1. Give 202, 237, 198 a once-over and let me know the one that is on the phi > 0 side of the Ramachandran plot and crowded, with 19+ Cβ neighbours inside 10 Å.
2. Restricting attention to region 369-399, which residues are surrounded by fewer than 14 Cβ atoms within 10 Å (Cβ to Cβ) and modelled with pLDDT of 85 or more?
3. Name the residues in region 190-231 that are outside any helix (DSSP H, G or I) and out of contact with any Pro (no Cβ under 7 Å at 6 or more places or on another chain), would you?
4. With respect to the numbered conditions (1) farther than 24 Å from residue 114 by Cα; (2) in contact with a helix residue (DSSP H, G or I) (Cβ under 6 Å, 6 or more places away or on another chain), which one is the sole condition not fulfilled by residue 657?
5. Keeping to region 464-482, report how many residues are under 21 Å from the mean Cα position of the chain (by Cα) and among the β-branched types (Val, Ile, Thr).
6. Where in region 84-171 are there helices (runs of 4 or more DSSP H), lying fully within it, with 2 or more residues that are open to solvent by 60 Å² or more (accessible area, probe 1.4 Å) and touching a helix residue (DSSP H, G or I) at 6+ places or on another chain (Cβ under 7 Å)?
7. Can you tell me which residues in region 507-553 are open to solvent by 60 Å² or more (accessible area, probe 1.4 Å) and part of a strand (DSSP E or B)?
Amino acid sequence: MKLVWKKQIFYFAIAALCLVAITGAAIYYFYALNWPGILLTLILSALGVWFFSRQIFVEKKETSDINDITPKFIIKKIKIDWKKITLNFFWLIPYFFFFIFSFLFLLKARTSASLTSPWQVVSARFFIVYILATAYLFWLILKQSRFMGWLIVAHYFLSFSVLWIIFKIGYGYDPFIHQATVKLIDQQGFVLPKTPYYLGQYSLVLIAHKLFFIPIVWADKLLVPLLAAITLPPTIYLFLKKYFSKFSFVICNLSFLILLILPFSIFTLTVPQNLAYLFLLLAILFSLFAGGRAEIILSFLLALAALAVHPAAGVPALLFVSAIAVCRYAGKSVARKIIYASLFLLAAGVLPLLFYLSSNNSAAAGTDTAGAGLAIPIIVFPRQENIILDFIYFFLGNEWLILLILSVLAAYAIYRWRKKNPDFTILGITAFGLLAAYFITGRLNFNFLISYERNDYALRILFDVFIFLIPVLAILACKFINLILNAKPFIKYSWLAFLVILIAVSLYGSYPRLDNYYNSRDFTTGADDLAAVNWIAQDSGKNPYVVLADQQVSVGALWTFGFSHYFNEFPSREGCRSFAAAGCVNTGKSNVPIYFYPIPTGGPLYQIYLQMVYQKPDRATALQAADLTGAKTVYFVINKYWTDFDKIVEQAKIEASSFKNINNGTIYIFKYLK
């Protein structure tokens, strides 16, 4: 008896996830996500899953080979042999030890300090255990042991989990803003102004919190790493099974693992853009192996879910899925050519147009009118450190070149396969259209963003391009593994050992780094930052105040106090509470809200802060913040990691009304009274 129901559960889970994101986003935008809104979301999602199930049952009646596309990763024909099962389980025990010890090394390194990289506190022994775990997993796959699907999911999850384990408070800047926004939605059902993006993620996090009592912070932290680990291996499995007539579980499982050699940083942190990338990749894969109604419906649901989270991934997903669906019903004549041309133009033009409209709707923070510009990378030959670090940075330093070579190989494969499978033609056209969009976006004006963030929009499209190539790279990985396995034993095992090491190198490179070759420069929000925020609030009493601080201290204040402290508010308090989350900037108008910490970084308070740290931290500069907001008290916060920290502190002491240091001088706080 084949366990078809297990495949259906996987499909139902994907459908339910997408429907919650889509319907939750729609209900929030037009109403609210209070309890009535959440119940309505769940009811509509349940109806959607019921409709989806009806399509599967109808499809099952119409075809007799539905089980043929079901991977053994999800289902298998089971003949119970307890002796064999016990033996297989025995061989899994060493991997469980490696897996557990890897997590223990990470848990032991947990910290609330303000750091730039998790590797500053993680023992080198973690990498040794991770390499052993990966190598043993390779051996289990070659041995054709059972339960490999679950072990691969576990290994993916381990690989994606470093940030949320290491940093007790959290990592990054955007996650704190999104968590604060969801907390406010949890309290009052909505925040204003309502934006048409991010809402899919907010819906998933909030409903997980409401239904399963998962704290919002933890639901947010785990969403992308856990979801990526659970969904990517089986989906890639389904995809690969379609494109190999002589399917090998060994080759396929090894291919899963070597795909971890690709940079996977987008799956290590939950932000809307990363979640949308995940939905985009899943939508592409489902579209390419779609053999019936179920996969086609799931493709559209995944594309719409990506759109509900972030348009930078949702728009390409919807264009691609729509083109695949339409072309399967179109003829081979002029109709397809029209579809191809339209797809290229839309892929090349829609995102730059959206970004252009977004930049025009935001006020410029400066006077420079140049576009973001596109950096030109160089080839790196590291020879100044120990052999291990030099080896690592031979790959990480030339990552752009390796990815370029892989992209060229993928493009050539698409060209070779275009006649045999027209879906790859659509894949290539979409990717090239997005590549054109990348260059167009690189010339747009994003002055409303701070200078070091102006390349972000173009880079998001470049990520889209590479995601469209991942299915092709998965097929090439299978072919590469097949060549290795057919080689002589010494060559075979040498290559497999080399691939294991490259996976560990990719793990190191997929997270922020601080070593003699690279400095990520992005500090986390630490316990000292929160201590400074709370001390300032206590010191000010009930008097209105404004703070000049860097972005991690500022986002720590937002995370602690929420959207409740504004100057120059709109008549409706709710109308300005999501000002920072919406990415607004000051336009110089008297009624534009200004948060009491420098959020966003493109706003006027952060510019005053930069004057304090890069020019001179004097009273006159600090009181510009008082003049801007009307506050009578200004606090200036400087962290020890800033360049010229000691010089800035000594200069600020001269004109400050008073000052306070946190944790023996890790942070200094200066107070200015108007």
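1. Working: 202 fails: on the phi > 0 side of the Ramachandran plot; 237 fails: on the phi > 0 side of the Ramachandran plot.
Step by step, each of 202, 237, 198 is checked, and only 198 is on the phi > 0 side of the Ramachandran plot and crowded, with 19+ Cβ neighbours inside 10 Å.
2. Residues of region 369-399 surrounded by fewer than 14 Cβ atoms within 10 Å (Cβ to Cβ): 369-370, 373, 375-379, 381, 383-384, 386-388.
Result: 387, 388.
3. Taking region 190-231 and keeping what is outside any helix (DSSP H, G or I), we get 190-198, 213-215.
Correct list: 190, 191, 192, 193, 194, 195, 196, 213, 214, 215.
4. Failing condition for residue 657: (2).
5. Taking region 464-482 first, the residues under 21 Å from the mean Cα position of the chain (by Cα) are 464-471, 473-474.
Okay, now just the ones that are also among the β-branched types (Val, Ile, Thr), so 465, 467, 470.
Residues meeting the conditions: 3.
6. Working: elements: 125-142, 148-160, 162-166.
Once the helices (runs of 4 or more DSSP H) in region 84-171 are filtered for at least 2 residues that are open to solvent by 60 Å² or more (accessible area, probe 1.4 Å) and touching a helix residue (DSSP H, G or I) at 6+ places or on another chain (Cβ under 7 Å), what remains is 125-142.
7. Residues satisfying the conditions are 514, 519.
Yes or no, residue by residue, for (1) more than 30 Å from the chain's Cα centre (by Cα); (2) loosely packed, with under 13 Cβ neighbours inside 10 Å; (3) in a helix (DSSP H, G or I); (4) modelled with pLDDT under 90:
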{"position": "26", "(1), (2), (3), (4)": "no, no, yes, no"}
{"position": "32", "(1), (2), (3), (4)": "no, no, no, no"}
{"position": "38", "(1), (2), (3), (4)": "no, no, yes, no"}
{"position": "48", "(1), (2), (3), (4)": "no, no, yes, no"}
{"position": "64", "(1), (2), (3), (4)": "yes, yes, no, yes"}
{"position": "68", "(1), (2), (3), (4)": "yes, yes, yes, yes"}
{"position": "71", "(1), (2), (3), (4)": "no, no, no, yes"}
{"position": "75", "(1), (2), (3), (4)": "no, no, no, yes"}
{"position": "79", "(1), (2), (3), (4)": "yes, yes, no, yes"}
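The values are calculated or read from the model by the stated rules, or taken from the named source; none is laboratory data. Computed from a predicted structure; not experimentally measured. Every residue, glycine among them, receives a Cβ derived from its backbone with ideal geometry; neighbour counts consider all protein chains shown. Surface areas here come from the heavy atoms of the whole protein model, side chains and all, with no ligands, DNA or RNA. Shrake-Rupley method; radii C 1.70, N 1.55, O 1.52, S 1.80 Å.
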